[in-house]
Structure formats: C-alpha cells, structure tokens
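The block underneath contains the structure these notes are about, expressed in structure tokens.
Just so you know, all these numbers are worked out from the coordinates, no wet-lab data involved. None of these values were measured; they are calculated from a predicted model. For neighbour counting, all protein chains shown are included, and Cβ atoms are generated from backbone atoms with ideal geometry for every residue, glycine included.
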Amino acid sequence: MTNPGGLTAPPTAEDRQLWEEQGYLFLEQAMVGADLARLQTAFNRAATDCKPDWLQGIANGTKPAAHFDIPNPFERDDVFIDLIDYPSWYPYLLDFAGGKLLLLGPQVRTLPAQPISYVNWHPDVPQTNPLHMKVQIYIEDVPEDGGAFAFVPGSHKPGVGDCPQPIPLSAMPGHKLFPGKAGDAILFNSYGWHTSMVNSTQRPRKSIILIYEKWSPGKIPSDRFAAFEDQLTTTSRRKLFSLEPMTSSA
Amino acid sequence: MIDAHVHVLAKESAEFPRLITDQTPADFEAPVEQLLADMESAGFEQANLIQSGGSEIEHHRYLQHCLKTYPDRFRGIGRIADPQHPEQQMDHLAETGGIVGFRLSHIGGPRDPLTPMDVRSFSSYPIWKHAAAKDYVIWLFPKAAENHCIPFLMEAFPELTVVYNHMAFCPADGLADSMGDTKAELPIPPETRYNTMGLYQYPNVCVVLSGQYSFSRQAYPYTDLGPWHNNLLRTFKADHLLWGTDSPWILPEPGYGRSALLIDELMPGVSPTDRALIMGGTAEIRLFRR
C-alpha cells in the first residue's frame, strides 16, 4: 500500500494534546485511491465468501445476527495484514504506546441495519488494563443514522465514574458522533465510553476495527499470528504481531 | 408467588382434543390438579398456563376448562392457527376468559439480517398488529434465525407487551416449540443477545426465567446460567423479569420443588424486593391485572 500524502508524520503537539484531552483522533481520508479500492474489493469478496456460513451459524444459534465478522481475515487477503501498520495511523499508535505496541486482532465487520444498537455505551477495558486503542476504518460512507461510531470525549480519563446508560443512546451527554466517508478512520482510546449508534438506513455499515494495546509481558502467545510469518518480515512487524519479544529498546 | 410458564395437558379425548406427538402421546397427561398440588407444596398461588397440544381453537379446550374452573388461579396464553388471519381466533379465545396473550415462534421475516426489513411483509405481522390494538401479550420464543426481526416489530409497536420465553434463548431451527426434555446445546450466553438485550429500551419487553434444564450444560442447579440470569437482571430490571418452571417437563428432573428454588441458587445476591418481583410481582402486574 502507498502512503496518503500528508498523513504519515508522527503526531504533532496538537494531535498529542487532542489525544490526551479528548481520547480520540479523527483521521479524515486516512485511506484513499487505489489502497481504498483494494481494501473494498477484498472486504466485499470475503463477505460474499463467508456469508453462507454466517447465515447457517445464525440459524444454528452459534453466530450473532447483529454483526457479521469475517473469520480469519489475515488468511483471506494480505490487504488485511497491511492494514495493521498502515502509515496513516500506525505512527500515532506507536507513539501513544511509547514505542511498544501489540496487535490484539482485527474485526472485519458488517453491521446490519437495526432499530436498536447491538451494544450500549461502554469502555472496552478498565483503567487498570494497559493502554488499549482501536482504529475504526469506514469502508463505505457512513451517515449519522447509519450506525456511526460515537465517543464521549474525555471519558477515557481516570476518575470519570461509571459509564451512564441513557435511553436512547443519543441522550448520552457530551458525546460526539462520527459520520464519515469511505476511507475515514477514528483512532480512540478504549478506556473511553463509546458505542455504535443506531443504523436506521436499511443499508448495512461496513467497517474494520483494528485492536491494539501497549505491550505487556505474556499478553499474546508468540504463535498467535505465526501462520502469517512469511508476511511479517520486518523486525517492527514481527514485534507488532508478537512473533518476537519486545525489548526495552523496542 | 406466580409460576409464569407452565403447561397443562389432558389425555387426548373428544372432550379435550389435541395433537398427538412423540413428546405427548395420546395417553400423556399433565393435569391441572397435579399442577395445583405442586404449586401448593412449593408456595405458588397462581400460574400462567401456556397452551400445548395444538393451535386450533378446539385444541384450547383443556386450557379453557382450567381457566374457567380456577379463574382466580390462572391466566392463559393461547396459540394461533392462521397467522395471516388471526384476529377472529385471538378475540374468540380472549373473550372466553383468562387468555391474555398468544405464543409466537414463527416470525416470517427475512432470515438474512442484511436484507432491508419491512415488518408489513412479515407473515406474523397481522398478529402483532392485532395484539397491539387489543393489548394482548405476545409470548415470544423466536427461532435464532428470525430473532433479528423482533426489534423492527418493537419499533412498529413500541408499547406492546412482549415476553421472551426461556431466558431469551432462541432455539436453532431443529428444536421444537415445546422443548420437553430436549437439550438445546446453544452457546451461553446466547449469540442472539446482541439483538435482544437492547430491547430493554421498550417499556414492556420482559423475559421469563425458565427452561434452565434445556439450555444449561450442567446438572441442577445449572450454575453455568447464573451470570446470564444476573445479566438479564441488570439489563431488564426485576420489574421486567418473571419466573417460570416450565412444568411438566421439569417434573422428572429436577422436580417442581427444586425448580422453584432455582432463583436462590442462580441469583444469590438478588435483593428481597427484586426477588419478590421476579417470583410473582411482575407477573401479577403484567398478566393478572389486565
């Protein structure tokens, strides 16, 4: 994949301040052009291939109908591996993790339209967990009422208390909604309160969620991503995918 | 206390005709007198009788007999033979006394969740529409393949009283509507929860805590279902939860008395107020005061 112009610099002081104060960065058009087209093609092909198994799993009660995740995306197309250290977001993640970043996994997700969201407002992890970050990349345009991501700025900070559960979701005080274009991405601190808003468009939302964490010993087994070792040839990638141990100079 | 989910069956006869199945052969019976004795020994005063034995009007005769004989002890949930034209049957059964709602398993909506949804095209839509118009309860046990259709129906009829059966587990295609001694073998918690838990936002969506014997992977007291019970309590709150034994299917194991003790086994931290709601208060409000 190529680098979109102007998006590859490490975080500026302004970016870092926004990240620390608000807990998110909106990366407008983080992926464009041929890279985005390649990703869209791979996403749609994988979704077509996997849909019959998903529908059967729903009927068997073994898969959720509320979201359709492509299983084992790294096995399906290298484009999904290339996303993990894509230059539009990777420098930010690496910087915020103090240079020690682990991949936990991807979610290649289609979200059916529903009058209710599949998930309430929530943080993903408690503050006692190592810094946990996600990047959500929109594969197609996502309007405000199309299951857009939403986040409460500042809710990632210690001492904010329990996450409220307002009815409806849109009643959450101070939340910020993130409609976007295909190729937009949101990087957020998963200590913060977030949700997927209602998708009332009758059109499924397509996005990819990449999940990372600041390194801590023993978090990911060294064989978790070993099947893709031939794609993970650089030292930085091998550490990111837990194939090599992190060192103090990582 | 109120047992919100039980079945009664008479032997098949001209007086009480019903379907004959492997689970309920012609000489099988679960008489109301036995239920009353079990209830008394376990401390239950009232119960909600769920129609078994068929969906035609004549199949309801034993249920109607029980409701007529013991009008202060029971309420009933009927079934519908023709979902496309349900109004006459629903009204007829309700007007004979005691039947406050109707059990529904087949929704008739798209099985592909990515399909655009129009509830008016669902085959069960006339049932929902008439239930909303007449304030009948929908006693709901949808297949997993159709559970994603329910939020669209709630959006269309947001005030409707809908009671999910059996802890809001939704069976796979092969499982019968009446589970009997069937083991459902579904994941715990159920994958269908992503389309179900958000329904707490509608004011009258409730859940019956019943059917543990079928959905647990363990023997009594089915402790693998404890976290799920408490999740339902946190999400729906006690005034939307009801308790049911699913008698007679639990009579061989674990027995009526031990079923009635399950809430204390699975929800040991429940407050006395919440316990009272789950064990009868919610059913009193939602079923008996209609």
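In chain A, with Lys and Arg counted as +1 and Asp and Glu as -1 at Cβ, which of these residues, A:Gly147, A:Phe241, A:Ala182, has the Cα nearest the positive end of the dipole, that is, farthest along it?
A:Gly147
Would you mind ranking B:Trp243, A:Trp121 by Cβ crowding within 10 Å, fewest neighbours first?
In order of increasing Cβ crowding within 10 Å: A:Trp121, B:Trp243.
Compute the distance in nm between two label points, each set 7 Å from the Cα along the Cα-to-Cβ direction, one at B:Glu253 and one at A:Leu177.
Inter-label distance under the simple model: 5.3 nm.
Among all the lysines, which ones have a C-alpha under 24 Å from A:Lys63's C-alpha, if same-chain residues fewer than 8 places away are not counted?
Straight-distance partners of A:Lys63: A:Lys51, A:Lys134, A:Lys206, B:Lys143, B:Lys183.
Roughly what % antiparallel, to the nearest 5, for the DSSP beta bridges in chain B?
The antiparallel fraction comes to roughly 5 percent.
Which FRET efficiency, nearest 0.05, do A:Asp95 and B:Ala133 yield, Cβ-Cβ r, R0 41 Å?
Taking R0 as 41 Å, the efficiency between A:Asp95 and B:Ala133 is 0.10.
List the lysines whose Cα sits under 19 Å from the Cα of B:Lys11, skipping any in the same chain fewer than 8 residues away.
The qualifying lysines are B:Lys68.
Would you please state which residues of region B:230-260 a label at B:Ser271 would reach in this model, taking the label point 7 Å out along Cα→Cβ and a backbone N cut-off of under 20 Å?
Label zone hits: B:230-243.
Which residue, B:Glu146, B:Glu56, B:Glu155, tops the fluctuation ranking in a GNM of chain B built on C-alpha contacts under 10 Å?
Judging by the Gaussian network model, the answer is B:Glu155.
Can you tell me, using C-alpha contacts under 8 Å and at least 6 residues apart, the relative contact order of chain B as a whole percent?
Normalised by residue count, the contact order of chain B is 18 percent.
Output ³J(HN,Hα) for region B:236-247: one whole-Hz value per residue in order, computed from phi by the Karplus curve 6.51 cos²θ - 1.76 cosθ + 1.60 with θ = phi - 60°, and x for Gly and Pro.
Once θ is set to phi - 60°, the couplings for region B:236-247 become 8, 6, 5, 6, 10, 10, 10, 10, x, 8, 6, 4 Hz.
Roughly speaking, what is the centre-to-centre gap between region A:193-212 and region B:221-261 when only Cα atoms are used, to the nearest Å?
Between the Cα centres of region A:193-212 and region B:221-261 lies a distance of 34 Å.
Determine the shape class of the protein assembly as shown: with a ≥ b ≥ c the square roots of the Cα gyration tensor eigenvalues, call it rounded for a/c under 1.5, and otherwise prolate if a/b is greater than b/c, oblate otherwise.
Prolate, because a/c is 1.5 or more and a/b exceeds b/c.
At 0.36 nm per residue, and after removing the present C-alpha to C-alpha distance, how many nm does the segment from B:Ala26 to B:Arg290 gain when stretched out fully? Numbers along the way, then the final one.
On the way: separation 264, 0.36 × 264 = 95.04 nm, distance 3.41 nm.
This chain segment gains 91.6 nm when fully extended.
So what is the relative contact order for region A:17-240, in percent, with contacts set as C-alpha pairs under 8 Å and at least six apart?
Relative CO of region A:17-240 lands at 32 percent.
Once you place label points 7 Å from the Cα toward the Cβ at A:Ala37 and B:Gln84, how far apart are they in nm?
4.9
Considering only the protein assembly as shown, what is the antiparallel percent among its DSSP beta bridges, to the nearest 5?
65
Among the aspartates and glutamates, which have Cα under 17 Å from the Cα of A:Lys181 when same-chain residues fewer than 8 positions away are ignored?
A:Glu28, A:Asp35, A:Glu140, A:Asp141, A:Glu144, A:Asp145
To the nearest 0.05, what FRET efficiency results for B:Ser13 and A:Gln165 with a Förster distance of 60 Å applied to their C-beta separation? Please report the intermediate quantities before stating the final value.
Values: r = 52 Å, r/R0 = 0.87.
For B:Ser13 and A:Gln165, the calculated efficiency is 0.70.
Take the Cα of A:Thr201, step 7 Å along the line toward its Cβ, and report every residue of region A:17-36 whose backbone nitrogen sits under 20 Å from that point.
A:26-33, A:36
Sort B:Cys206, B:Cys170 so the one with the fewest other Cβ atoms within 10 Å of its own Cβ comes first.
B:Cys206, B:Cys170
If we count other beta carbons within 10 Å of each Cβ, what is the order of A:Tyr86, B:Tyr220, fewest first?
B:Tyr220, A:Tyr86
Would you please give the residues with an amide H less than 5 Å from that of B:Ala30, counting only those at least 5 places away or on a separate chain, with H modeled from the backbone geometry?
The answer is B:Leu9, B:Ala10.
Could you pull out which residues in region B:189-214 have an amide N less than 18 Å from a spot 7 Å beyond the Cα of B:Asp239, following the Cα-Cβ vector?
B:199-208
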